[in-house]
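These notes are about the structure you will find just below.
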């Protein structure tokens, strides 16, 4: 574990805008440093979200803990799950044959993330930890029924993606815990679909819809992004009409309208609440029809 001296205060700035930079050589190092700083430190992974927040003075950590020295193993399959290390870059998720074979939905959403610079530097664990409610990776991992692995002083624990995201930029991790990776059930013959609407390329999604269905439509999961303070897993009861008659456009529309009516999204510069509900209705209907049809499934 390497500790650097506190950065000097530049002219015209206060000490509050400076921080100490530290490097973690292992996940245990990262946990130790988080405990040392007692909630006043931030983890630096790809930096594609944190650095802009620092530049805009939206975050004022006393220290940055750089986890980039911790190498990421290649995506791999273990015990029926795709295992991904936290420092796996977005580009790897997009190009890995293992990911494309066993979690094609995850590989599919990657081009929707930011731009090529973001995808080259951003990390799997960093995106999950940031907990943006429009994040494509978060929606995909939740739709696939994945779990997030976090490490703290007591060791490693697993948190279901369904309960990992709490609210805006807030997760179920404790202040002295760090995300070290994730596990996703392999897709097999599952059918899936994803679509998002954004004002322009590389913008945050106004609304996104991810759908995943196992054989026989067991465990159908629909996840919405951009409609609440975290990704929303649609209640199974709202999917009942579409499941009762798979592929029937009228029943898919019935479910989509019920889903949209259950939402209370915010209005902002990207769109009004009514506009977001309208997008949910249209795209959820289309994706349900596609996935639930006899010959459905994505891609």
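Just so it is clear, none of the values below were taken in a lab; they were calculated from the coordinates. A quick note: this is a predicted structure, and the numbers were derived from the prediction, not measured. Ideal geometry is used to build each Cβ from the backbone, glycine not excepted, and the neighbour counts take in all protein chains shown.
Each label point was placed 7 Å from the Cα along the Cα-to-Cβ direction; for residue 269 and residue 57 their separation is 1.8 nm. Can you tell which of 216, 226, 145 shows the greatest fluctuation in a Gaussian network model of the chain with Cα springs below 10 Å? Between 216, 226, 145, it is 216 that shows the largest mean-square fluctuation. Using only the Cα atoms of the chain, each taken as one equal point scatterer with no solvent, compute I(q) by the Debye sum, divide by I(0), and report log10 of the ratio at q = 0.07, 0.12, 0.13 Å⁻¹. Each listed q corresponds, in turn, to -0.28, -0.78, -0.90. Using Cα atoms only, what is the angle between the long axis of helix 249-261 and the major principal axis of the chain, expressed in degrees (0 to 90) to the nearest 10? The answer is roughly 40 degrees. Where the centre of each part is set by its Cα atoms, how far does segment 200-278 sit from segment 16-57, in angstrom? Answer, in whole Å: 35. Comparing mean-square fluctuations of 204, 164, 60 from a GNM of the chain with C-alpha springs under 10 Å, the top value falls on 60. When each of 158, 129, 262, 189 is scored by the number of other beta-carbon atoms lying within 10 Å, the sequence from fewest to most is 189, 158, 262, 129. Full extension of the chain segment joining residue 71 with residue 200 gains 43.1 nm, where the gain is 0.36 nm per residue of separation less the Cα-Cα distance.
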